[in-house]
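A quick write-up on the structure given underneath.
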Amino acid sequence: MPRAARAVDLPVRLPETDEPLRHRVGEALLDLVRSGRLRPGDQLPSTRALAASLGIGRGAVVAAYEELLAAGFVEASQGSGTRVAAGADEAVAAGAARHVTPSPAPHPA
C-alpha cells in the first residue's frame, strides 16, 4: 500500500531560474532559513510530503536534501527525519554555498 504524503505547512517557493530542480529546492529551503522561518533544530517535511506539496518528483527533493546534508545545512537520522543543522542560519547569512560546484577541468600543458 503506498504511503500518503502529509501536507507541508511551509511556504516553499521554487525560484524561477534555469538551475536544476534539486538546486532550486535547496535554495528555496535555504531562503526559509535565511528569513528565519526555519531555524536550527526545525524538522523539514518528509521528501514525499514536500514533493507532493510542490507538485514535483520525489527524486529532486531527495537530491536537494542530500546536497544540503553534504554541505552541512541539515542533519539526518533514520527514524527522526531531517532537521536544520546547528549553525545553518549563520552559514546561510555568511553566504556559504548550498552545493559543491565542480572545478573546471585543467587545461593540458
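Remarks
- Residue ID - modelled with the highest pLDDT, chosen from residues in region 1-11 that are surrounded by 14 or more Cβ atoms within 10 Å (Cβ to Cβ) and within 16 Å of ARG83 (Cβ to Cβ): LEU10
- Of the helices (runs of 4 or more DSSP H) that lie entirely inside region 21-87, those containing 1 or more residues that are open to solvent by 20 Å² or more (accessible area, probe 1.4 Å), more than 17 Å from PRO11 (Cα to Cα) and free of Cβ contacts under 8 Å to residues at least 24 places away in the same chain span 58-70.
- Single residue of region 96-109 satisfying the filter (farther than 17 Å from VAL12 by Cα and open to solvent by less than 60 Å² (accessible area, probe 1.4 Å)) that is modelled with the lowest pLDDT: HIS99
The values are calculated or read from the model by the stated rules, or taken from the named source; none is laboratory data. Keep in mind the model is a prediction, meaning the values are calculated, not measured. Neighbour counts run over all protein chains shown; Cβ positions are idealised from the backbone, glycine included. Heavy atoms of the whole protein, side chains included, go into the accessibility calculation; ligands, DNA and RNA do not. Shrake-Rupley method; radii C 1.70, N 1.55, O 1.52, S 1.80 Å.
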